[in-house]
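Everything below concerns the one structure shown next.
The values are calculated or read from the model by the stated rules, or taken from the named source; none is laboratory data. Not measured: the values here are computed from a predicted model. Here the Cβ is made from the backbone with ideal geometry for all residues, glycine too, and neighbour counts use every protein chain on show.
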Amino acid sequence: MADTKYYELYRRSSIGGALADTLDFLITERRIEPQLAMKILVNFDKAVTDVIADKVKARLTFKGHLDTYRFCDEVWTFIIKDINFKLDNSNTIHADKVKIVSCNTKRPGEV
């Protein structure tokens, strides 16, 4: 694996949380070492990022009311309320509140 650093953003997703909980359990049960758990999480960060970049081709549009936004350390965060998503297949989905986090594909200082 190269020295490339990946965002740990997807660790907060439902699948990332489930992975972290499972790794915590395995560490507590002394079935794996914490160092192995960290390597697994780093591989998870890379795998999710790569799969999303390479495999996800769907597009959607959305409309809602921007409640909060911030830009810190090259990461945008938006909280949008009363949001409607329109998918490629014209299906629509409504949510009361959504948090969108947007990161550059390259971190500051990377070439």
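Conditions: (1) at pLDDT below 95; (2) in a strand (DSSP E or B); (3) among the acidic types (Asp, Glu). ASP67 meets all but one. Number of the miss? Of everything listed in (1) at pLDDT below 95; (2) in a strand (DSSP E or B); (3) among the acidic types (Asp, Glu), ASP67 misses just condition (1). Only residues that are modelled with pLDDT of 85 or more and more than 19 Å from the chain's Cα centre (by Cα) were counted in segment 91-111, giving 5. Name the single residue that is surrounded by the fewest Cβ atoms within 10 Å (Cβ to Cβ) among those in segment 83-105 being in a strand (DSSP E or B) and among the charged types (D, E, K, R). Residue satisfying both the conditions and the ranking: ASP96. Under 7 Å between Cβ atoms, at least 6 apart or on separate chains: pull out the pairs that start in segment 22-50 with a residue that is under 13 Å from LEU9 (Cα atoms) and end on any residue that is of a type in the set (Ser, Thr, Tyr) and part of a helix (DSSP H, G or I). Close Cβ pairs satisfying both conditions: ASP45/TYR10; VAL48/TYR10. Taking (1) surrounded by 14 or more Cβ atoms within 10 Å (Cβ to Cβ); (2) among the hydrophobic types (A, V, I, L, M, F, W, C); (3) within 16 Å of TYR7 (Cα to Cα) in turn, ILE79 satisfies each apart from (3). Any residue at all in segment 33-44 that's part of a helix (DSSP H, G or I), in contact with a Lys or Arg (Cβ under 7 Å, 6 or more places away or on another chain) and among the aliphatic types (A, V, I, L, M)? Yes, because at least one residue in segment 33-44 is part of a helix (DSSP H, G or I), in contact with a Lys or Arg (Cβ under 7 Å, 6 or more places away or on another chain) and among the aliphatic types (A, V, I, L, M).
Once segment 1-32 is narrowed to residues that are aromatic (Phe, Trp, Tyr) and assigned to a helix (DSSP H, G or I), the residue that is farthest from LYS86 (Cα to Cα) is PHE25. Among the residues here, ARG31 qualifies as more than 17 Å from VAL98 (Cα to Cα), loosely packed, with under 11 Cβ neighbours inside 10 Å and in contact with a Phe, Trp or Tyr (Cβ under 9 Å, 6 or more places away or on another chain).
For the residues TYR6, TYR10, the requirement of being surrounded by 14 or more Cβ atoms within 10 Å (Cβ to Cβ), of a type in the set (Ser, Thr, Tyr) and either out of contact with any Lys or Arg (no Cβ under 7 Å at 6 or more places or on another chain) or at pLDDT 95 or above (or both) singles out TYR10.
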